[in-house]
Amino acid sequence: MSRLILLVPALLLAACQAAPETAQVDFEFTTPDGMTVRMIVNEGSGLFASNVFVGAGSTRETEATAGSSHFLEHLLFNGTTTLTQEELYAAVDRIGAYNNATTKREYTHYMMVAPHEELGAALGIQSAMLLDSTIPEDKFEKERGIVLEEMNKDADSATSVRVERLHAMLEADEPDFLRPVLGTPETIAALQRDDVIDYYRSQYVPSNMKLLLMGDFDPDQARALIEELFAADGSRQARPAPRAGWPTESRWSVDGSDDELIAIAIQMPAPGVGHPEYAAMEILADALGGGDSAR
């Protein structure tokens, strides 16, 4: 049974969609430093998307460091050992790239979309952010304020509140999965720069990353670049992902405690990724609960 589904944004998929007649090359390898890489080559689109999934989410934190993963996601856009924040943003603009990130419970996803001729430059920027960020002291308090403001907006959003209540219903017996992605105002206010740097150094290692490269690029060139740019000290071991003891029987919950809407949560065993019936289950789940148009 699988609870983790990695969904690459439609923007990235659309950007790298090839013409129907284009041959597709799809293969995986592991770098000498332990990064798992999957390449899906579609020549002719003129673009590629590099997606790095780092095992750094709220499930890897502690109660005292809750929110570190999301806070760190913000901080990694503030400069590296070779680029200031201003130079980093200018470098991305210069190659016409899209650079963004999002933090989830089980991972942080960094995405870069760029023209195919800028493969080396784009991967160089992305690897520098992930492995060589300096987490500038003068930017730390500014980012703390931004995170706290984001938290305030979520607290005022009925949808966000219902989503957190839904997690509380489904994961009541799993403390690592109950921990909020943004942390709490108390934990964010208490986080020190040294705490975040320690977390960064422990979790942001190649062996704790998976890279999905899609689109128009030369696979031999890409492999050589990835193995060179995403190399790091292999002696550090990231905190492993917790294993949840999900129930093997179906159950459901109802929540309608403080507003006019009622949330019904149905949880059931499901086939994992790779199972012959996985795609059918995905379609069924989307049809029954995938948004306002769902049944």
Selection from the stretch 142-168 of residues open to solvent by 60 Å² or more (accessible area, probe 1.4 Å) and over 18 Å from Arg179 (Cβ atoms) yields Lys142, Ile146, Glu149, Asn152, Lys153, Asp156, Thr159
Any residue in the stretch 184-201 that is touching a helix residue (DSSP H, G or I) at 6+ places or on another chain (Cβ under 8 Å) and within 30 Å of Phe27 (Cα to Cα)? yes
Thr59 passes all but one of the listed conditions (1) surrounded by fewer than 21 Cβ atoms within 10 Å (Cβ to Cβ); (2) under 15 Å from the mean Cα position of the chain (by Cα); the exception is number (1)
Right, Thr36: modelled with pLDDT of 95 or more, open to solvent by 20 Å² or more (accessible area, probe 1.4 Å) and touching a strand residue (DSSP E or B) at 6+ places or on another chain (Cβ under 7 Å) or not? yes
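Condition first: part of a strand (DSSP E or B), modelled with pLDDT of 80 or more and either under 30 Å from Thr62 (Cα atoms) or open to solvent by less than 50 Å² (accessible area, probe 1.4 Å) (or both). Can you find one or more residues in the stretch 224-247 that meet it?
Looking only at the stretch 224-247, we keep the residues that are part of a strand (DSSP E or B), and these are none.
No, the stretch 224-247 contains no residue that is part of a strand (DSSP E or B), modelled with pLDDT of 80 or more and either under 30 Å from Thr62 (Cα atoms) or open to solvent by less than 50 Å² (accessible area, probe 1.4 Å) (or both).
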Counting residues that are modelled with pLDDT under 90 and among the aliphatic types (A, V, I, L, M), which helices (runs of 4 or more DSSP H) fully inside the stretch 100-174 reach at least 2? 137-155, 158-170
Check off (1) more than 20 Å from Ala241 (Cβ to Cβ); (2) touching a residue at least 60 places away in the same chain (Cβ under 8 Å); (3) small (Gly, Ala, Ser) for Gly183 and give me the number that stays unchecked. (1)
Could you tell me which residue of the stretch 79-129 is nearest to Val205 (Cα to Cα), considering only residues that are open to solvent by 20 Å² or more (accessible area, probe 1.4 Å) and among the hydroxyl-bearing types (Ser, Thr, Tyr)? Tyr107
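The values are calculated or read from the model by the stated rules, or taken from the named source; none is laboratory data. Keep in mind that what you see is a predicted model, and the values were worked out from it rather than measured. Glycine also receives a Cβ, built like all others from the backbone with ideal geometry; neighbour counts cover every protein chain displayed. The accessibility values were calculated without ligands, DNA or RNA, using every heavy atom of the protein model including side chains. Shrake-Rupley method; radii C 1.70, N 1.55, O 1.52, S 1.80 Å.
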